[in-house]
Amino acid sequence: MGSGKSTLGKVLAQRLRYRFIDMDKLIVEEQGMTVSEIFAAKGENFFRDLERIKLRKICEENNIVVSTGGGVPCFYNNMEYMNNKGITIYLKMDAPSLTSRLAVSRQDRPLIKGKTRDELLRFIQENLVIREPYYSKAMHVLESKNLKVEDLLEVIPFES
């Protein structure tokens, strides 16, 4: 959440001439509700199950770059599944940097909506402790602060 997955993913897909898929946007389009509305109406478990189903469908495709929601690697066996289906990259960022990025969009994100900046920082710190074991299973871990697409291209084995 907030590490630059969608921004870098779009540019990477363009460079590789692959299709870009933002899982959250795809779910929002299909459900006709925002992620916040899905959480409110149907709960987090429902949303996480949607992510699992969508991930498996997406992974049947070739030549794609996928931006998953921040929780995707942490549920079911999604991280292992992604590692078996393609190249996984964890865009790592520290809690203060994530807080700065997310502070402006917290009303659009159900897990951080309504939090003060201090609450947001604590939430991010706590969640990084929980999520890091899953995220670190990615094939590549890259510091995302000041990361450029060229850095991503260096870790992707493809024929030009």
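Just tell me which lysines come within less than 20 Å, Cα to Cα, of K137; anything on the same chain fewer than 8 places away is out. Counting by Cα, and skipping residues close in sequence, K137 has these lysines nearby: K5, K85, K92, K145.
Short-range pairs are left out: with C-alpha atoms under 8 Å and at least six residues apart, the relative contact order of the range 54-143 is 42 percent. A cut-off under 14 angstrom between Cβ atoms defines the neighbours of A13, and their net charge, with Lys, Arg +1 and Asp, Glu -1, is +4. Remark on S67: its backbone amide H falls under 5 Å from those of I21, D22, M23, a criterion applied only to residues 5 or more positions apart or on other chains, H modelled at 1.01 Å from N.
Protein heavy-atom accessible surface, 1.4 Å probe, per residue over the range 1-109: 53 Å². About its Cα centre, the range 1-105 has a charge dipole of approximately 360 debye under the convention of +1 per Lys or Arg Cβ and -1 per Asp or Glu Cβ, with nothing else charged.
Explain nothing, just the number: relative contact order of the chain, from Cα pairs under 8 Å at least 6 residues apart, as a whole percent.
Across the chain, relative contact order equals 30 percent.
The equivalent ellipsoid of the range 107-160 has semi-axes of 30, 14, 10 Å, largest first, where each one is the square root of 5 times an eigenvalue of the Cα gyration tensor.
For the chain, which whole percent of the accessible surface, found with a 1.4 angstrom probe, sits on carbon and sulfur atoms? The C+S portion of the solvent-accessible surface of the chain is 49 percent. For K42, the lysines whose Cα comes closer than 20 Å to its Cα, not counting residues fewer than 8 places off in the same chain, are K25, K54, K113. Taking the charge dipole of the range 1-151 about its Cα centre, with +1 at Lys and Arg Cβ atoms and -1 at Asp and Glu Cβ atoms, the residue from L128, Q31, I89 reaching farthest to the positive side is I89. How much mean residue ellipticity at 222 nm does the chain get from its helices, if each DSSP H run of length 4 or more adds -39500 (n - 2.57) and you divide by all residues, to the nearest 500 deg cm²/dmol? My calculation for the chain gives -16000 deg cm²/dmol from helical runs alone. Loop-located trypsin sites (Lys or Arg not before Pro) across the range 97-157 with a Cβ neighbour count of 14 or fewer within 10 Å are K113, K145, K148, with loop assigned by DSSP. Database remark: amide H of V141 closer than 5 angstrom to the amide H of Y90 (H placed geometrically; neighbours at sequence offset of 5 or more, or on other chains; Pro and chain starts carry no H).
The values are calculated or read from the model by the stated rules, or taken from the named source; none is laboratory data. As the structure is a computational prediction, the values presented were derived from the model and not from experiment. Don't worry about glycine lacking a Cβ; one is built from the backbone with ideal geometry, like all the others, and counts go over all protein chains shown. Surface areas here come from the heavy atoms of the whole protein model, side chains and all, with no ligands, DNA or RNA. Shrake-Rupley method; radii C 1.70, N 1.55, O 1.52, S 1.80 Å.
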